[in-house]
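Student: Got a structure here, written out as structure tokens. Questions coming.
The values are calculated or read from the model by the stated rules, or taken from the named source; none is laboratory data. Owing to the predicted nature of the structure, the values given are computational and were not obtained by experimental measurement. For neighbour counting, all protein chains shown are included, and Cβ atoms are generated from backbone atoms with ideal geometry for every residue, glycine included.
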Amino acid sequence: MITNNEAQTGIVAWLKDNTTITDLHANYPAEIREGMWQGEDFEYPNIRVSCEITPVASGCTGPDTCEMTISCFSLEKSSLQSQAHAGTIANELHNKGFTKSGVKYGAIRVLKTPRAILEDSIWQASVQVTMNVS
């Protein structure tokens, strides 16, 4: 079984290696991190990755399912930057497959990219993804 941390580590590494994504802003790749990173200094914009694994049934073979949310945060006055970054990430991931950090990611499907929300003067746009991991 692949763990949440293993799946998350591979996606973070893949995002940091993807120049289409890192070219979006000078803060990338330093500010692409796990979803619950609790550092003291936050640079904006930034990207956070959260994964949730559903293992295959006991006794069955096959890949586990991973539900993932990639959040794009921005301090801009409008949602444009955060939504543009989420859209770029969605385009880079949808219908792709790759191996990173020892984890194989396949059948990647972007489920949705909901509209950005504003909370405490920070815009957050997200990409919701499902995939197989092994």
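Student: Could you tell me whether residue 115 is part of a strand (DSSP E or B) and surrounded by fewer than 17 Cβ atoms within 10 Å (Cβ to Cβ)? Break it down into steps so the answer makes sense when it comes.
Tutor: Values: part of a strand (DSSP E or B): no; surrounded by fewer than 17 Cβ atoms within 10 Å (Cβ to Cβ): yes.
Taking the combined requirement at face value, the residue does not satisfy it.
Student: I want to confirm something. Restricting to region 62-105 and keeping residues that are β-branched (Val, Ile, Thr) and within 14 Å of the chain's Cα centre (by Cα), which single residue is nearest to residue 130 (Cα to Cα)?
Tutor: In this case the residue turns out to be 69.
Student: How many of the residues making up region 1-41 are hydrophobic (A, V, I, L, M, F, W, C), under 14 Å from residue 71 (Cβ atoms) and touching an Asp or Glu at 6+ places or on another chain (Cβ under 7 Å)?
Tutor: From region 1-41, those hydrophobic (A, V, I, L, M, F, W, C) are 1-2, 7, 11-15, 21, 24, 26, 30, 32, 36-37; that's our starting set.
Adding the requirement that they be under 14 Å from residue 71 (Cβ atoms) leaves 11-12, 15, 21, 32, 36-37.
Next cut, touching an Asp or Glu at 6+ places or on another chain (Cβ under 7 Å) only: 12, 21.
The qualifying residues number 2.
Student: Here is a follow-up. Just give me the residues in region 36-50 being closer than 12 Å to residue 85 by Cα and modelled with pLDDT under 75, in sequence order.
Tutor: Those that are closer than 12 Å to residue 85 by Cα and modelled with pLDDT under 75: none in region 36-50.
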